[in-house]
Amino acid sequence: MDALVRTHHGSVFRMCVGILRDPDVAADATQETFVKAYKALGRFRGDASFKTWIMTIAGNEARAQLRKAKRRRESPLEEAKEVSVGTEDVVDRMALVDQAQRVREVITHLPEKQRLAVTLRVEEGLSFREIGEIIDSTEGSARVNYHHGIRRLREILK
Amino acid sequence: MTRHDDLEMLQELLPVWVRGELDSAQTREVQAAVDQNPALQDEVEVIRAIYAARRDPPEGLEGGVIESVRGVPTRRNPSWALRIAAVVIVSLGSVAVWQQLRSSGAGGYMLDAAVSDWGLDEGIVAGGLVFDELSEEDLAVLLKELDENAS
């Protein structure tokens, strides 16, 4: 299991950040993801790759933590930003930060499925079939979400 | 396949091209398309920016995760455990009963009788059929002989 942690903890962490949008909470979710995967290892059937399997667990875990945070009304994750902040506001706010931070911030404001489709394709190199399995949609839907996300990022980052 | 389909397929290959994971033929094909198409060049810039901005996991996360996983208690298959326990209990029980019989003498008596003095069927019928078939006179003679032998 140590080797699997070494290989996949970065991808799992980025997946959790993609949903939770908070690196500290995402680190906890990453830890919990591997503990749950370890306990469920006997149920891994091998019909998906291990990466797809653990990324699906990570997605479920991150969403569970998101729901918990909402219930506690701690709201560190500010889900509402997604709809309330316009493209121009985001660009204005990001004018003073460096390019990487700016890109991360802009990605954060994409709808979840677009955000995950883009990051899983670009950062993790997954196929659209694998992305569909992870975000619980079809391969075609994953593809559409990716193209919409990229188009939106092109508009914002131009 | 239409030009739109071709373009879409090329767009989908761009992240793989940026990551350097295409074979040489596909790499040349995508490179040529990007060189001729400003829209693809824009998209490549965005993809490069996303890839460059990807987060590294925080330092210590890997070790923390490994520690957590090692702390998870391992579970054995309960059906195997039950089977093993059943076999051990039956074995120990058999040994204990055998030793009890031997130490009380009952087992020794049964073993000695079976092996030395009587045939198996004689042991079973001796107290029943044989005595029942004796007449009163014969029984009296037998009891007298036994008394004499005992004294």
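The values are calculated or read from the model by the stated rules, or taken from the named source; none is laboratory data. Being a predicted model, the structure only gives us computed values, none of them experimental. Here the Cβ is made from the backbone with ideal geometry for all residues, glycine too, and neighbour counts use every protein chain on show.
Residues being of a type in the set (Lys, Arg), free of Cβ contacts under 8 Å to residues at least 24 places away in the same chain and closer than 20 Å to residue B:18 by Cβ are represented in the range A:104-122 by at least one member. Could you please find all residues in the range A:104-158 being surrounded by 19 or more Cβ atoms within 10 Å (Cβ to Cβ) and either among the small types (Gly, Ala, Ser) or outside any helix (DSSP H, G or I) (or both)? If the condition is that a residue be surrounded by 19 or more Cβ atoms within 10 Å (Cβ to Cβ) and either among the small types (Gly, Ala, Ser) or outside any helix (DSSP H, G or I) (or both), then A:109, A:110, A:117, A:123, A:124, A:126, A:132, A:135, A:142, A:149 are the ones that fit. Going through (1) assigned to a helix (DSSP H, G or I); (2) at pLDDT below 90; (3) over 20 Å from residue A:137 (Cβ atoms); (4) more than 11 Å from chain B (Cβ to nearest Cβ) one by one, residue A:74 falls short only on (1). Within the bounds of the range A:32-50, is there any residue that is more than 14 Å from chain B (Cβ to nearest Cβ), farther than 27 Å from residue A:101 by Cα and surrounded by 14 or more Cβ atoms within 10 Å (Cβ to Cβ)? Checked against the condition, which is being more than 14 Å from chain B (Cβ to nearest Cβ), farther than 27 Å from residue A:101 by Cα and surrounded by 14 or more Cβ atoms within 10 Å (Cβ to Cβ), the range A:32-50 yields at least one hit. Taking the listed residues B:40, B:22, B:14, B:7, the one that is on the phi < 0 side of the Ramachandran plot, in contact with an Asp or Glu (Cβ under 8 Å, 6 or more places away or on another chain) and more than 7 Å from chain A (Cβ to nearest Cβ) is B:14, with no other qualifying.
Scanning the range A:28-64 for residues that are of a type outside the set (Asp, Glu) and outside any helix (DSSP H, G or I) yields A:40, A:44, A:45, A:46, A:48, A:49.
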